[in-house]
Amino acid sequence: NKLNKFSMYIRTLLGAPEILAVQEAENLNALQDLADKINADDATLVYTPYLQEGNDVGGIDVGFMVRNNVAVNNVTQLGAAEIFTFDNTLLHDRPPLVLDATLPDGRAITVMNLHQRSLIDIDHPTNGPRVRQKRHDQATSVSLMVQNLQTGNPNINLAVTGDFNAFQFTDGYVHVLGQIMGTPADASQALIPGTDTVNPDLINKVLSLPAAEQYSFNFGGSAQVLDHILVSQGLQTAV
């Protein structure tokens with residue numbers, strides 16, 4: 001039933017995108033099952049799945065589904081061995097996955113797929129400090145990855161997407177989006193201030209929408225967005 005729903009959703013509502021970034025996938029076989037189901041439902045749609053196992057204790061990973069009209073140059077996992085110095089554990093449960101590809105029109109595209117630490121226990125009296133610090137350190141790590149990509153190619157067509165588990169504004173503890181975009185929070189905006197490591201800044205297109213439309217789902221009566229697509233200056237004209 002779930003494969004049927006996902007296939008229908010991807011083919012009809014999403015319009016069979018050329019590159020689909022996936023979070024919370026069990027393994028490569030699960031994504032292959034989805035690719036096979038899509039192809040069985042529409043023989044013109046051929047997707048190839050890409051996934052590298054991460055560090056999540058629950059076994060969920062990030063991955064890509066890429067249509068066969070896109071040339072995949074490489075898929076690289078970043079930061080898998082990076083240490084969270086707060087308690088000397090691994091920093092990235094679902095390490096960022098970067099796809100370097102060429103679109104059918106010949107344009108190069110780079111997509112970074114994220115699934116950041118959730119907001120669960122962020123205000124817990126015991127666990128809160130660890131959660132807040134991990135969210136901050138993950139965001140800082142990703143911002144450095146973004147800047148390395150931009151430094152390596154100043155004209156890069158970069159999309160940073162996925163489940164940020166963060167709002168488009170500061171949550172008062174950590175401004176995850178601001179850190180990754182290059183617009184970090186100062187001490188008046190977040191308990192843990194950010195550092196500006198991204199230049200030029202990334203752009204979150206949700207901020208260009210009317211305030212009443214800046215959401216992607218409704219959680220407990222609160223309209224909010226935790227999943228974003230940030231784009232580089234070079235890519236933003238195509239969005």
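If you go through segment 109-126 and pick out every residue that is more than 22 Å from GLY59 (Cβ to Cβ) and either of a type in the set (Ser, Thr, Tyr) or open to solvent by 70 Å² or more (accessible area, probe 1.4 Å) (or both), you end up with 4. Being more than 21 Å from GLY178 (Cβ to Cβ), in a loop (DSSP other than H, G, I, E, B), open to solvent by 20 Å² or more (accessible area, probe 1.4 Å) and among the small types (Gly, Ala, Ser) is a property that GLY106 has. Pairs meeting the criteria (first residue in segment 23-37 and of a type in the set (Gly, Ala, Ser), second residue at pLDDT 95 or above and assigned to a loop (DSSP other than H, G, I, E, B), beta carbons under 9 Å, at least 6 apart or on different chains) are ALA25/ILE60; ALA35/LEU45; ALA35/VAL46. Whether a residue is open to solvent by less than 20 Å² (accessible area, probe 1.4 Å), closer than 28 Å to GLY106 by Cβ and β-branched (Val, Ile, Thr) was assessed, and ILE180 does not pass this test.
Residue pairs whose Cβ atoms lie under 7 Å apart, separated by 6 or more positions or on different chains, with the first residue in segment 142-169 and at positive phi and outside any loop (DSSP other than H, G, I, E, B) and the second open to solvent by 20 Å² or more (accessible area, probe 1.4 Å) and not aliphatic (A, V, I, L, M), are GLY162/GLN23; GLY162/ASP227.
Here GLY172 clears all of (1) under 27 Å from PHE217 (Cα atoms); (2) small (Gly, Ala, Ser); (3) open to solvent by less than 20 Å² (accessible area, probe 1.4 Å) except the condition numbered (3).
The values are calculated or read from the model by the stated rules, or taken from the named source; none is laboratory data. If you're wondering where the values come from, they're calculated on a predicted model, not measured in any experiment. Backbone-built Cβ (ideal geometry, glycine too); neighbour counts: all protein chains shown. Remember, those area values only see protein heavy atoms, side chains included, never the ligands or the DNA or RNA. Shrake-Rupley method; radii C 1.70, N 1.55, O 1.52, S 1.80 Å.
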